[in-house]
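Q: Dropping the structure in here first, questions after.
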Amino acid sequence: MKTYLVTGGAGFIGSNYIHYMFRKYGDAIRIINVDALTYAGNPENLADLEENPNYTFVKADICDAEAIRKIFAENEIDRVVHFAAESHVDRSIKDPAVFVKTNVLGTLNMLNGAKEAWELPDGSFKEGKKFLHVSTDEVYGSLSEDGGYFYETTPYDPHSPYSASKASSDFLVKAYMDTYRFPANITNCSNNYGPYQFPEKLIPLIINNALQGKTLPVYGDGKNVRDWLFVEDHCKGIDMVQEKGKLFETYNIGGHNEKQNIEIVKIIIDTLREMLPEEDPRREHLTYDLIHYVTDRKGHDRRYAIAPDKIKAEVGWYPETKFEDGIKKTIAWYFDHQDWMEHVTSGAYQSYYADMYEGR
Ligand code: NAD
Ligand code: DAU
């Protein structure tokens, strides 16, 4: 039985990954989830696993060397899947320091914990151990509107404090692979969407606001392009890279699904109107009049687009969910989990929203 150490498993992608892995492997795996439960971490995302004897939750900060060492000492960890990070670009623009601490120093601490546990006296590593560092396409910078893609060979050119911190963490993982032959992979994925995403990010924020008849904030001219991938396809890619990828390699993950932000907002409005019953009073307000153009994000990257050729050719990965289906599934999930949305938007979210959007 393999034991996985997942960091940041109470967040959006991490919780989807843990669900995906138990659906796929059942009780053939064990998962230990280490998460500090910041504003973005929500134990409710994994409430259904509380009774699962193969699942353990440890509340700890990935920067806490002792706590991480203890987990490695007490468990024979086979795989590390490292999601934990500060992940929101707008927050990084307001307060970069915590991004450097968690994303750079936290990653260094995770690398050291795994290295110490897995390294043999001759400097090689125990057979079969693997560390997967989950990273982002934002490390490659920004593409022009009229073409080009991010390949694994594209030079790093991060612009925001968030992407700079992720780029630094990628370089640390690369340094450990090159210097120590530390058994790792890096994946750089495009924008994810799906259940359990915190409503500071575009898609859940727009769904939540639209359902409440609130204005829908669109930054700048709304024509920035992101390459959207259903979160389960990302989870499948991570698992396939660990099982079928070549060690020490980087793989880009994305499904050629580029959309301008304004298209996304309009698709959400149209889909919500289709899905709400005729008699639902919220339908009346669901028009494009809710769209409100606001001051642009500072240093806003224009376009991201992944070339997934390498992961397709070497690992056999391809995305299974078409955007038309994924967005419906996603909206249906937020419909069915309005209590989840209420819980995460009470308290601190209100002041975050006011600070980020009021008078913008
Ligand atoms: P998220 O913000 O939803 O979740 C982050 C999780 O990490 C939370 O559970 C939080 O509590 C935890 N965490 C934060 N700081 C911690 C610390 N110091 N110690 C322990 N736990 C801590 O993020 P997400 O969107 O799920 O992203 C997960 C990873 O995937 C990140 O590394 C991100 O850079 C990367 N990524 C995200 C996307 C995307 O579209 N969301 C795309 C590509 C890559
Ligand atoms: O590309 C992968 C990255 O995708 C991940 O590494 C990040 O963790 C993740 O947050 C995401 O970053 P983005 O900045 O692209 O995502 P966000 O949802 O914040 O914004 C998507 C686009 O929508 C972006 O161009 C900004 C715009 N936007 C966002 C918000 C929150 C708006 O127009 N209005 C908004 O209110």
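The values are calculated or read from the model by the stated rules, or taken from the named source; none is laboratory data. The model shown is predicted, which means the values in this text are computed figures rather than measured ones. FYI the Cβ positions are ideal-geometry reconstructions off the backbone, even for glycines, and counts take in every protein chain you see.
Q: Say we look at region 201-238 and pick out the residues that are of a type in the set (D, E, K, R) and buried (at least 20 other Cβ atoms within 10 Å of the Cβ); which of these is farthest from PHE22 (Cα to Cα)?
A: ARG226
Q: For the subset of region 291-314 comprising residues that are outside any loop (DSSP other than H, G, I, E, B) and not hydrophobic (A, V, I, L, M, F, W, C), which member is farthest from ligand 2 (Cβ to nearest atom)?
A: Looking at the filtered set, the residue picked out is GLU314.
Conditions tested, residue by residue: (1) part of a loop (DSSP other than H, G, I, E, B); (2) touching a residue at least 12 places away in the same chain (Cβ under 8 Å); (3) touching a strand residue (DSSP E or B) at 6+ places or on another chain (Cβ under 8 Å); (4) away from ligand 2 (no atom under 11 Å from the Cβ).
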{"position": "ASP221", "(1), (2), (3), (4)": "yes, yes, yes, no"}
{"position": "LYS236", "(1), (2), (3), (4)": "no, yes, no, yes"}
{"position": "GLU243", "(1), (2), (3), (4)": "no, no, no, yes"}
{"position": "PHE248", "(1), (2), (3), (4)": "yes, yes, yes, yes"}
{"position": "HIS256", "(1), (2), (3), (4)": "yes, yes, yes, yes"}
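Q: Take LEU46 and tell me if it is surrounded by fewer than 24 Cβ atoms within 10 Å (Cβ to Cβ), within 24 Å of CYS189 (Cα to Cα), touching a helix residue (DSSP H, G or I) at 6+ places or on another chain (Cβ under 8 Å) and in contact (Cβ under 8 Å) with a residue 24 or more places away in the chain.
A: So LEU46 fits the description; yes.
Q: With ILE327, ILE306 as the choices, which residue is under 28 Å from ASP48 (Cα atoms) and either modelled with pLDDT of 95 or more or away from ligand 1 (no atom under 16 Å from the Cβ) (or both)?
A: From the options ILE327, ILE306, the qualifying one is ILE327.
Q: Follow-up question, since we're still on this one. With respect to ILE62, determine if the residue is touching a residue at least 12 places away in the same chain (Cβ under 8 Å), in contact with a strand residue (DSSP E or B) (Cβ under 8 Å, 6 or more places away or on another chain), under 22 Å from TRP118 (Cα atoms) and part of a helix (DSSP H, G or I).
A: Taking the combined requirement at face value, the residue does not satisfy it.
Q: Could you tell me whether PHE182 is in contact (Cβ under 8 Å) with a residue 24 or more places away in the chain, more than 16 Å from ligand 2 (Cβ to nearest atom), farther than 30 Å from SER346 by Cβ and surrounded by 21 or more Cβ atoms within 10 Å (Cβ to Cβ)?
A: The answer is yes for PHE182.
Q: Further question: Among the listed residues TYR156, TYR196, which satisfies the condition of being in a loop (DSSP other than H, G, I, E, B), surrounded by fewer than 19 Cβ atoms within 10 Å (Cβ to Cβ) and within 15 Å of ligand 1 (Cβ to nearest atom)?
A: TYR156
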